[in-house]
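Okay, structure first, notes after.
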Amino acid sequence: MRVVSGIQPTGKPHLGNYLGAIVNYVKLQDEAHALGGECFIFLADLHAISQPHDPAELTTNTREMVATLVACGVDPSKTVLFNQAQVPAHAELQWLLNGTARMGWLGRMTQWKDKAGKNREGQSVALFTYPVLQAADVLLYQATHVPVGEDQKQHIELTRDIAQKFNTDFCAEDAPVFTIPEVYTPPTAARIMSLRDGTAKMSKSDPSEMSRISLTDDPDTIMKKVKKAKTDPEPLPSEAQGLEGRAEAQNLVGIFSALTGRSVDEVLADHGGEGFGAFKPALGEVLVETLSPINARFMELKGDQESLDAILARGAAQAREHGLPTLDKAYKALGLVRG
């Protein structure tokens, strides 16, 4: 079992990142470690430059994301934790795979269409070829499992297509260069929505700070945001079926469920019939209880830039060592002579 996943170091990590991805990183690292497998988690700083960015902010955000991941339980002794920019093989392999990827494949990517909008001609080439770099991220380490949400499944299917075509075009049948990775959707992955709009994902890019709970929010800020979260006037139902058509209510109950490890029906068994005036403070207390230790550990780590850089340097050295054999095979398969 070899797990590979990346997260962009842009903006402050929020509750959606935590419950949708980071919690599962910790579970997967422990599972892979127990099975003698490996877990690679990287800060996707090369992906971050596909759109306008502030260089100084990117450097700061990269270090802060490392601090966040470690504060949440990612263990550098069990997980290879690094940033792409320190492992040039990611960019090298992307270029090699650009010869296999097809324009039509990339043009059909839903995220390209969404992010580019109507101004496709004005977008960076990097945004268009983003999925090829993502394929390189995964294939470089011979990943067997790639944990992704629904919005990234299409990219992993593209990764599989690229790997299969490369293996078919350039490799003997019994000696493929790339492992074909499997999409892994963690059963506990939660889809957390905006506190201002229950139909939109919680996002770093939302202009309203009140739309999200940041992992660095203090208890007073958390409680304030929860109390001001959009809801409807009806009391909570006694079972999950009663949440249908009530996006904001469903989101808040879902957050409570994900944080406590209890099913939605179990949460409603205790809180059914309550108005949000009673439920929101209860949810706020659960959030504070969960996030306060993370916040405290984050603040401790954030101030130790030397330790954060050391974590990235160690992880990058391990990643370079693991990725080099695959890169060498890809060059050789293409008939390229490396110096």
Seminar exercise, completed: Cα-Cα pairs in the stretch 260-339 separated by more than 17 Å, as a whole percent of all pairs, come to 72
For this session: Using just the helices of the chain, give the 222 nm mean residue ellipticity in deg cm²/dmol: DSSP H runs with n ≥ 4 each add -39,500 (n - 2.57), and the total is spread over all residues, rounded to 500.
Result: -16500 deg cm²/dmol
For this session: Run through every distinct alpha carbon pair of the stretch 1-116 and return the Kirkwood hydrodynamic radius in angstroms, one decimal place.
Result: 15.7
Seminar exercise, completed: A convex hull over the alpha carbons of the stretch 67-144 yields, per residue, a volume in Å³ of 147
Seminar exercise, completed: Projecting the Cα atoms of ALA310, VAL26, LEU133 onto the charge dipole of the chain, where Lys and Arg contribute +1 and Asp and Glu -1 at Cβ, the residue farthest towards the positive end is LEU133
Seminar exercise, completed: Any residue on another chain or 5+ positions along whose placed amide H is under 5 Å from the amide H of GLY6 is listed here as PHE42
Seminar exercise, completed: Taking r as the C-beta separation of THR179 and ALA278 and R0 as 45 Å, the FRET efficiency to the nearest 0.05 is 0.30
For this session: Would you please state the base-10 log of I(q)/I(0) at q = 0.10, 0.17, 0.22 1/Å for the stretch 209-300, with intensities from the Debye formula using one equal scatterer on every alpha carbon?
Result: -0.25, -0.70, -1.08
Exercise. Charges only on Cβ, +1 for Lys and Arg, -1 for Asp and Glu: so what's the dipole of the stretch 190-266 about the Cα centre, in debye to the nearest 20?
Worked result: 280
Problem set entry | Mean shadow area of the chain over all directions, Cα convex hull, nm² | 18.8
For this session: Just need log10 I(q)/I(0) for the stretch 9-75 at q = 0.20 Å⁻¹, Debye formula, equal scatterers on the alpha-carbon atoms, no solvent, rounded to two decimals.
Result: -0.84
Exercise. Taking amide H positions as placed 1.01 Å from N in the peptide plane, with prolines and chain starts having none, which residues 5 or more places from MET193, or on another chain, fall under 5 Å of its amide H?
Worked result: MET202
Seminar exercise, completed: Taking alpha-carbon centroids only, the stretch 50-73 lies from the stretch 247-296 a number of Å equal to 28
Problem set entry | the chain: relative contact order in percent, alpha carbon pairs under 8 Å with at least 6 residues between | 23
Seminar exercise, completed: Here the FRET efficiency for GLU266 versus SER77, based on Cβ atoms and R0 = 41 Å and rounded to 0.05, is 0.70
Seminar exercise, completed: Exposed GluC sites (Glu not before Pro) being those in a DSSP loop with at most 15 other Cβ atoms within 10 Å, the longest stretch of the chain free of them is 1-172
Problem set entry | the stretch 104-242 - convex hull of alpha carbons, volume per residue in Å³ | 189
Exercise. Could you state the per residue volume, in Å³, of the convex hull enclosing the Cα atoms of the stretch 228-267?
Worked result: 65
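Bear in mind these aren't lab numbers, they're just calculated from the coordinates by the rules spelled out. Worth saying up front: this structure is predicted, and the values here are computed from it rather than measured. Glycine gets a Cβ as well: all are built from the backbone with ideal geometry, and neighbour counts include every protein chain shown.
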